[in-house]
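K.L.:
Before we start, here is the structure in question, set down as structure tokens.
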Amino acid sequence: MRALAAVMFSCIVWMLLLTHTTLNVPSLTGAVMCMGVATANSILVISFARERMDEGLSAWDAALEAGHTRMRPVIMTALAMIIGMMPMALGFGEGGEQNAPLGRAVIGGLIFATVATLFFVPVIFSVMHGHKKIAGTTAEQKA
């Protein structure tokens, strides 16, 4: 997870570079906000996959179903945050340039975080839980 956080932070930095914005306190606050939304979305996917594993699916099947089923809520959450941050990121209005780095950091981080939540998190889940037995099966039932 530290690797994902490092990559997400690098995406935030790239977004700031592309928009010629400095790394400052508002942009770091945006990074923290982005981490919160990304963590919440990842927890939704993981908890759904665990429920499916408890119902008897393999880790791979549970992860695929979780990624597919939770795709819409994750995208809706991310898009709501991105669209909500657009006016702030554009920096219109009096004093708007002061809060623009926050919006730009959130937008840049959430673009990567959404892709990571939908594709990387289920893969990591299936790798981490792939060795566990399917609930309710025994060696005799597999043979």
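The values are calculated or read from the model by the stated rules, or taken from the named source; none is laboratory data. In this text, all values refer to a predicted model and were calculated from it rather than measured experimentally. Cβ: placed from backbone, ideal geometry, glycine included. Neighbour counts: every protein chain shown. When the accessible area is computed, the model is the full protein with side chains, heavy atoms only, and any ligands, DNA or RNA have been set aside. Shrake-Rupley method; radii C 1.70, N 1.55, O 1.52, S 1.80 Å.
K.L.:
Taking every alpha carbon pair in the range 69-135, what does the distance histogram look like in 10 angstrom bins from 0, in percent?
P.N.:
20, 34, 23, 14, 7, 2
K.L.:
Explain nothing, just the number: dipole magnitude of the chain about its Cα centre with +1 on each Lys and Arg Cβ and -1 on each Asp and Glu Cβ, in debye rounded to the nearest 20.
P.N.:
Working: 9 positive and 8 negative charges, 52 e Å.
The calculated dipole for the chain is roughly 240 debye.
K.L.:
Same structure again: With all protein chains present, how much of the accessible area of the range 61-101 (probe radius 1.4 Å) comes from carbon and sulfur, to the nearest whole percent? Numbers along the way, then the final one.
P.N.:
Values: 1710 of 2640 Å².
Carbon and sulfur: 65 percent of the exposed surface of the range 61-101.
K.L.:
I'd like to verify something in the chain: which complete DSSP H helices, judged by Cα projection on the helix axis, reach 30 Å or more and average at least -1.0 on the Kyte-Doolittle scale? Walk me through the numbers on the way to the answer.
P.N.:
On the way: long enough: 25-54 (43 Å, 0.86).
Membrane-span-like by this criterion, though nothing is claimed about a membrane: 25-54.
K.L.:
Here's a follow-up. Cα extents of the chain along the three principal axes, largest first, in whole Å?
P.N.:
71, 25, 18
K.L.:
Something else about it: Ignoring ligands, DNA and RNA, what percent of the 1.4 Å accessible area of the range 11-50 is carbon and sulfur?
P.N.:
On the way: 1730 of 2180 Å².
Carbon plus sulfur share of accessible area: 80 percent.
K.L.:
Compute the Rg/Rh shape ratio of the range 30-88: radius of gyration over Kirkwood radius, all on alpha-carbon atoms.
P.N.:
Working: Rg = 13.7 Å, Rh = 12.4 Å.
Across the range 30-88, the Cα-based Rg/Rh ratio is 1.11.
K.L.:
Related question: Over the chain, with the other protein chains present, what is the accessible area per residue in square angstrom, probe 1.4 angstrom?
P.N.:
Values: 8610 Å² over 143 residues.
With all protein chains present, the chain gives 60 Å² per residue.
K.L.:
Moving on to the next point. D for the range 2-65, whole µm²/s, Stokes-Einstein with Kirkwood Rh over alpha-carbon pairs at 4 °C and 1.567 mPa s: what number?
P.N.:
Details: Rh = 13.7 Å.
Once the numbers are plugged in, D ends up at 94 µm²/s.
K.L.:
Using Cα-Cα distances under 8 Å and only pairs 6 or more residues apart, what relative contact order does the chain have, in percent?
P.N.:
Values: 167 pairs, mean separation 55.7, N = 143.
Relative contact order of the chain: 39 percent.
K.L.:
While we're on this one: Report, in deg cm²/dmol and to the nearest 500, the calculated mean residue ellipticity at 222 nm for the chain, where each DSSP H run with n ≥ 4 adds -39500 (n - 2.57) and the sum is divided by the residue count.
P.N.:
Working: 7 runs with 111 residues, N = 143.
Using -39500 (n - 2.57) per qualifying helix, the result is -25500 deg cm²/dmol.
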